[in-house]
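Trainee: Have a look at this one.
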Amino acid sequence: MKIQQLSLFAENKPGHIAAPVRLLAREGIDIRSMYLADTQQYGILRMIVSDWRKAAQVLEAHEFVVKVTEVLAVEVPDHPGGLADVLGALEGTGINIEYMYGFPYLLGDQAILIFRFADPDAAIARLQAAGINLLASEELLKR
Amino acid sequence: MKMNSILETGVTDCHPASAPDYTPIEQLRELQLRRLQAVVARAWRQVELFRARMDERGLGPEDIHSPEEIAKLPFTEKSDLRDTYPFGLFASPMKEVVRLHVSSGTTGKPIVVAYTKEDLDVWTSVMVRCFAGCGLHRGDIVQNAYGYGLFTGGLGAHYGAEALGATVVPTSGGNADRQIMLMKDFGVTAICCTPTYFLHLIERAAELGVDMKELPLRAGVFGAEPWTESMRRHIESASRVEAFDIYGLSEIIGPGVGCECRRHRGLHIFEDRFYPEIVDPTTGAPLPDGAEGELVLTTLSKQAMPMIRYRTRDITMLLPGRCECGRTLRRMGRIGRRSDDMLIIRGVNVFPSQVESALLEIEGTLPHYQIILTREQGLDQMEVQVEVTPHMFNDKIGALQGLHQRLQGALDHVLGIRVRVALVEAHTIERSQGKAKRVIDRRTS
């Protein structure tokens, strides 16, 4: 159920996102989703890629600092209130969302959101109990 | 107006406190020997480390028969102050110590210096002699923009200027706009601060539409960091200030070890209180006047914390010959550089090793780092760039910001000055032969 996400440290300066992205392109690695969290000085580029092992290897070989984090890909009904229902399932459980971002493809009429939880196992149990579908990485990456 | 006209006739140094500056040479050497013998005896009696080192050399306090024989004595190093932190080199019981000051050490711990009442009186007296030599006197309004507190600069200059009979405005450092307002409103005639801080005040005054040349400010006593003749020319062309170089260090007493007179041909060392030597920084061998080397100082009358042959790490020379001003005191040249890697930032001493100890404390391992020094609007800025290692990196912004704040806090705490911390990508700090260059100094003087 867990998806491997790559995070990359980047200074907030022109060209600092282009360099790692170009490296991945050269290796034929597809970036399926990405999100940039930034401050004035630096940012964290988070990516879900077609082959995370190879991507991490390539980036590390080029001296980028990479961290692999486990995130969840959650199906969210693509209509008003869809997200509210998903979040409602977590309410009162003390399960904390560290951050979340959208996945740029729909699966039928389902939107997909990427969640980073402090405790992913607790989140999996809770979401599944509430009948919310989590995608495995093969499903997420097959398109 | 009257004061100014006296100065313009060139009549100076009329302060009675300046009398020891003119002691005939033979009498001065005799006084130095007597005081040297006394201070060596005191240190030998009271300071375990010094006595042990004398014993190793088979020396006793009775073995000094001339000032030159000081070369037989063991050196004292900054590391000795660190190793005996906090009170190990004190030669007076705490009940006789009336003041403690603190200066930068080379690691996380600072160094401590102590003063008895008599030590403070001596300190004040040498500061009075500095100011008198700069042509200041009763009636002058002295703005003291050295930092007050643990740093010796603020209180040293303060008590000296008061004892001179001047009016002291104790502004301490910072808040340039208020400094300029008070300077203007009070008709301040002299300022004490670091030379770069004065450059900053010049720039800020121009921005505020205050013409420094219209102010009655006519003397600046600048120290706590090395500066150059080109800075003097800049200061003296942008204001009516006559710029004086003053030298000192906490380990010896604070400011007031030496100061320029109005001839501006080197800094007179108050030799009746501090015995100067120049040594080869590598071998420690004494060098003659006129030869460049490391300045070594011995306090001739310090009670609470006598320093015998203290290695200052400042590179300079003792100028041969006598000054035209008539003082018999020898002069030292400006401090150009140091024999160690100490940096001086806004008057505060900083060692790269302090930065290392702060980073180690936070990270547990030492990341690659680089110190970048720049001068912005006349003020020194220090940036510490730290490479983000896989060990430090986290995919959460909050965690990185927390790390950033911890690094910032640890550096501020250890260095005692505000620095900028920048997290940078791994392997972006340039390495030469595998070793990173730790300090990039882009300050121009």
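Only the coordinates and a few stated rules stand behind these numbers; no lab work does. Keep in mind that what you see is a predicted model, and the values were worked out from it rather than measured. In this analysis, Cβ positions are derived from the backbone assuming ideal geometry, glycine residues included, and neighbour counts consider all displayed protein chains.
Trainee: How big is the range B:345-441 on each of its three principal axes, counting only the C-alpha atoms and giving the largest first in Å?
Mentor: 39, 32, 24
Trainee: Moving on. Sorted from largest down, give the three principal axis spans of the alpha carbons of chain A, whole angstrom values.
Mentor: Result for chain A: principal-axis Cα extents of 43, 33, 27 Å.
Trainee: Looking at B:Pro67, B:Cys193, B:Thr316, which one has the Cα that reaches farthest to the positive end of the dipole of chain B (charges on Cβ: Lys, Arg +1; Asp, Glu -1)?
Mentor: B:Cys193
Trainee: Same structure again: Calculate the tail of P(r) for the range B:48-197: the fraction of all Cα-Cα distances greater than 21 Å, expressed in %.
Mentor: Tail of the P(r) past 21 Å holds 59 percent of the pairs.
Trainee: Right, here's the next one. Report the convex hull volume per residue for the range A:71-141, counting only C-alpha atoms, in Å³.
Mentor: Given the Cα convex hull of the range A:71-141, per-residue volume reads 83 Å³.
Trainee: Determine ³J(HN,Hα), in whole Hz, for all residues of the range B:173-181 in sequence, where each value follows from phi through the Karplus function 6.51 cos²θ - 1.76 cosθ + 1.60 and θ = phi - 60°; x replaces Gly and Pro.
Mentor: Once rounded to whole Hz, the list reads x, x, 6, 4, 4, 5, 4, 5, 4.
Trainee: Here's a follow-up. What's the average, rounded to a whole number, of partner chain beta-carbon atoms within 10 Å of each residue's beta-carbon in A:58-65?
Mentor: 3
Trainee: Taking only the alpha-carbon atoms of the range B:94-145, what semi-axes of the equivalent ellipsoid follow from 5 times the gyration tensor eigenvalues under a square root, in whole Å, largest first?
Mentor: 28, 16, 9
Trainee: Can you sort B:Arg331, B:Arg443 by how many other beta carbons sit within 10 Å, fewest first?
Mentor: By the 10 Å Cβ count, ascending: B:Arg443, B:Arg331.
Trainee: Next up: Hey, got the average number of other protein chain Cβ atoms within 10 angstrom for residues in B:386-399?
Mentor: Counting other chains' Cβ atoms within 10 Å and averaging over B:386-399 gives 5.
Trainee: Roughly speaking, what is the centre-to-centre gap between the range A:68-143 and the range B:162-221 when only Cα atoms are used, to the nearest Å?
Mentor: Centre-to-centre (Cα) distance: 63 Å.
Trainee: Explain nothing, just compute: Karplus ³J(HN,Hα) = 6.51 cos²θ - 1.76 cosθ + 1.60, θ = phi - 60°, for every residue of the range B:111-122 in order, whole Hz, x for Gly and Pro.
Mentor: 10, 10, 10, 10, 9, 8, 4, 5, 4, 5, 4, 5
Trainee: May I ask you to sort A:Tyr35, B:Tyr85 by Cβ crowding, counting other Cβ atoms within 10 Å and putting the fewest first?
Mentor: B:Tyr85, A:Tyr35
Trainee: While we're here: Give me B:Ile202, B:Ile252, B:Ile372 sorted ascending by neighbouring Cβ count inside 10 Å, so fewest comes first.
Mentor: Least crowded to most crowded, the residues run B:Ile372, B:Ile202, B:Ile252.
Trainee: Let me ask something else. Which value, in nm² and rounded to one decimal, describes the direction-averaged projected area of the C-alpha convex hull of the range B:26-86?
Mentor: Quarter of the Cα hull surface area: 4.5 nm².
Trainee: Could you tell me which of the pairs B:Lys78/B:Lys302; B:Lys109/B:Lys184; A:Lys13/B:Lys109; B:Lys109/B:Lys437; B:Lys109/B:Lys302; B:Lys117/B:Lys184 are separated by over 29 angstrom between their Cα atoms in the structure shown?
Mentor: In this structure, B:Lys109/B:Lys184; A:Lys13/B:Lys109; B:Lys117/B:Lys184 lie more than 29 Å apart at Cα.
Trainee: Mind grabbing the base-10 log of I(q)/I(0) for the range A:2-69 at q = 0.13, 0.25 Å⁻¹? Debye formula, identical points on the C-alpha positions, no solvent, two decimal places.
Mentor: -0.31, -1.17
Trainee: Mind checking the alpha-carbon convex hull of the range B:225-294 and giving the volume per residue in Å³?
Mentor: 122
Trainee: Taking the alpha carbon gyration tensor of the range B:264-370, what are the square roots of 5 times its eigenvalues, largest first, to the nearest whole Å?
Mentor: 33, 16, 14
Trainee: Please work out the C-alpha center-to-center distance from the range B:77-107 to the range B:292-324 and express it in whole Å.
Mentor: So the two Cα centres are separated by 19 Å.
Trainee: Extension gain B:Asp177-B:Ala291, at 0.36 nm per residue separation less the Cα-Cα distance, in nm?
Mentor: Answer, rounded to one decimal: 36.7 nm.
Trainee: Compute the convex hull volume of the Cα atoms of the range B:15-54, divide it by the residue count, and report the result per residue in Å³ as a whole number.
Mentor: So the per-residue hull volume is 86 Å³.
Trainee: In bins 20 Å wide, starting from 0, what share of all Cα pairs of the protein assembly as shown does each bin hold, as a percent?
Mentor: 18, 39, 24, 16, 4, 0
Trainee: Exposed loop sites here are GluC sites (Glu not before Pro) in DSSP loop states with at most 15 other C-beta atoms within 10 Å. What is the longest stretch of chain B lacking them?
Mentor: B:78-291
Trainee: Let me have the relative contact order for chain B, percent, based on Cα pairs under 8 Å that are six or more residues apart.
Mentor: Rounded, it is 15 percent for chain B.
Trainee: Any chance you could list the semi-axes, whole Å, largest first, of the equivalent ellipsoid that the Cα gyration tensor gives for chain B, using √(5λ)?
Mentor: 36, 31, 19
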